[in-house]
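Report on the structure given below.
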Amino acid sequence: MNILDISYFQLALSFLFIILLILVSAIRKIGKQKLIIIASLRMTVQLVAAGYLLTIVFENPSWYLTAATIMIMLFFAIINIFKRSINPISNKLKIIVAGSLILGSLFTVLFFIIIIVRVFPWYSPQYFIPISGMIIGNSMTGILLGLNKMSDDFIEKRDIIENSLMLGATAKQATNDIVNKSIETSLLPTLNSMLGMGIISLPGMMTGQILSGTLPTVAIKYQIGIMLAILGAITITVIIFVLLGYKTYFNNREQLVVETKFKKN
Amino acid sequence: MKFSFNKIKYKHILNIERLEINENAVAIVGKSGCGKSTLLRIMANIISLDSGDYLIDDININDYNAVSFRRIVTLMNQKPIIYFGSVKDNIVIGMLYQNKTTPDDKKITDLLNAFNINCTLESSAKSLSLGEQQRICMIRSLLLQSKVYLLDEPTSSLDKETEDAAMTTFFDTAKSIGSQVIFVTHNPIIAEKYAERIITVEGGMVCEYP
């Protein structure tokens, strides 16, 4: 049940699609040829590097190589969130974002690997790394959506929050709706994708396993498990983030401190 | 309650050497941008001073719990702030925040009538006119039975007749529950009629003309 390998010549043929795209861009004067070339090159180089690195890690299974890989993934995920945040965020909030992503994803990954799949040894890179990748990637998107929603709301609903404070609300009461909306926003895309799963599309993990010769009945068990783990990871990550995060918008006198520097770019 | 300010500064907006407010009905007047609203926001502890002392009944503001303080001293915004939901939702929201028992529908309807607002309790609050929304905010504040009301141009969206009627109803109700009212206004007639003392703010400083 081995998968067919692709020769380098065959792989090179797939770059014909890029040539097609470059031609379209040039003829239609879309002017994106440079971006197309850079994107294809980066994709290729990054994946080749990842392929060789993973081969090294797989051939030398050890807890520290697995841990190092996970830390690198978490690091880039956190940097990515900061880069893609619509509004500037305070340093305190950055620490909370990083902390909740690390806690939420690591807890879920360990739970999934050790309790659900029961991988032995637990750090087996073949399982640990791809599963962590999916969980960290999805938590990253979830927290980013929640963060953008929350930071937007603190700017747009500033008057309402302050008015609630004037009516004697605590900071927690005044931001209850904002916090709930932020949790909802971060979870909705995942929930929506679950609705169409198996009908409109076959999810990536399952597709990969089936291509490698895994029985579809086994592959779906992994897919169901990972979807629920992703949902769990986003939930834990976002709950920690919002419950600590909203407080950074208030000082010790429970006054709102969204300054002008928090305006949109 | 007695509000005292000593050498207070807030950004480039306020710079008051000394001010004491003790009366039951006080008007604060002055040109736009002179710092009147900022003074009210400081009094309600929505913002804090950069320097100087703000004492209430001779106790420093920072010795009060911020939320408990704002449950005694209620500031009403110039721009009416309306929450999503019905007229009733908007009227009781402050009481819910303060865990107070909400009044029955009859009491709210009586207040709507007293303030001359023609709507049902279930009407969408956002669909009311600006002037009606402003009076909804007045009712919302009054039901809190606060010791002190700070009103920032409470009648800015009302025409002359409605303005006078709304102020009279507000002051009568406030008096009946023994509240102190400090209000900012552009209108010198309203200031003369309802205040026992008028404070003028000019360029962030207090000038008083006896």
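Every read-out reported here was derived from the displayed coordinates using simple, explicitly stated rules and does not represent laboratory data. Not measured: the values here are computed from a predicted model. Cβ sites come from the backbone with ideal geometry, for glycine too, and all protein chains shown count toward neighbours.
For chain A, hydrophobic long helices are taken as DSSP H runs at least 24 Å long by C-alpha position along their axis with mean Kyte-Doolittle hydropathy of -1.0 or more; these are A:33-59, A:63-84, A:91-110, A:125-156, A:176-196, A:216-245.
Estimated from the Cβ-Cβ distance and a Förster radius of 22 angstrom, the FRET efficiency linking A:Lys92 and B:His12 is about 0.20.
Shielding of peptide B:65-77 by partners, expressed as the average count of other chain Cβ atoms within 10 Å per residue Cβ, is 4. Within straight-line reach of B:Lys7, meaning a Cα separation under 13 Å, sit the following aspartates and glutamates at least 8 residues removed in sequence or on another chain: B:Glu17, B:Glu20, B:Asp50, B:Asp53. Averaged over peptide B:92-99, the number of partner chain Cβ atoms lying within 10 Å of each residue's Cβ comes to 4. For chain A, modelled as a GNM whose springs connect Cα atoms under 10 angstrom apart, the maximal fluctuation among A:Ser182, A:Ser105, A:Ser212 occurs at A:Ser212. Of the residues A:Ala67, A:Ala169, A:Ala39, the one that moves most in a GNM of chain A with alpha-carbon contacts below 10 Å is A:Ala39. Placing a pseudo-label 7 Å from each Cα along the Cα-to-Cβ vector at A:Lys34 and B:Glu23 gives an inter-label distance of 7.0 nm. For the stretch A:99-113, there are no residues whose amide N sits under 12 Å from a probe point set 7 Å from the Cα of A:Tyr64 along the beta carbon direction. A Förster radius of 30 Å, combined with the Cβ-Cβ distance separating A:Ile199 from A:Val119, puts the computed FRET efficiency at roughly 0.50.
Peptide A:156-166 is shielded by partner chain Cβ atoms: per residue, an average of 5 of them sit within 10 Å of its Cβ.
Annotation for the stretch A:194-265: chymotrypsin sites (Phe, Trp or Tyr not before Pro) lying in DSSP loop with at most 13 further Cβ atoms inside 10 Å of their Cβ do not exist.
Taking only the Cα atoms of the stretch A:62-262, the ratio Rg/Rh comes out at 1.05, with Rh defined as the Kirkwood radius. Projecting the Cα atoms of A:Gly198, A:Ser85, A:Leu16 onto the charge dipole of the protein assembly as shown, computed from C-beta unit charges around the Cα centre, puts A:Leu16 farthest toward the positive end. When the pairs A:Lys149/B:Lys147; B:Lys2/B:Lys106; B:Lys36/B:Lys175; A:Lys157/B:Lys36; B:Lys9/B:Lys88; B:Lys9/B:Lys193 are compared against a 28 Å limit on Cα-Cα distance, A:Lys149/B:Lys147; B:Lys2/B:Lys106; B:Lys9/B:Lys88; B:Lys9/B:Lys193 fall above it. If you line up the long axis of helix B:87-97 against the longest principal axis of chain B, both from Cα atoms, how many degrees apart are they, to the nearest 10? Approximately 50 degrees, to the nearest 10. Across the stretch B:11-19, coupling constants 3J(HN,Hα) worked out from phi with the 6.51/-1.76/1.60 Karplus curve, θ = phi - 60°, read 6, 9, 8, 10, 7, 10, 5, 7, 7 Hz, and Gly and Pro carry x. Taking θ as phi - 60°, what are the ³J(HN,Hα) couplings along the stretch B:53-58 by the Karplus curve (6.51, -1.76, 1.60), each to the nearest whole Hz, with x for Gly and Pro? Residue by residue, the stretch B:53-58 yields 10, 10, 10, 10, 6, 6 Hz.
With each label modelled as a point 7 angstrom along the Cα→C-beta vector, the A:Gln10-A:Leu53 pair spans 2.7 nm. Among A:Asn148, A:Asn138, A:Asn80, the largest mean-square fluctuation in a Gaussian network model of chain A, built with springs joining Cα atoms closer than 10 Å, belongs to A:Asn80. Taking the longest Cα principal axis of chain B as reference, the axis of helix B:160-176 is set at about 80 degrees. On the basis of the beta-carbon distance and an R0 of 41 Å, B:Lys79 and A:Phe76 show a calculated FRET efficiency of 0.40.
For the stretch A:12-54, the residues whose backbone nitrogen is under 19 Å from a point 7 Å from the Cα of A:Lys83, taken along Cα to Cβ, are A:34-51.
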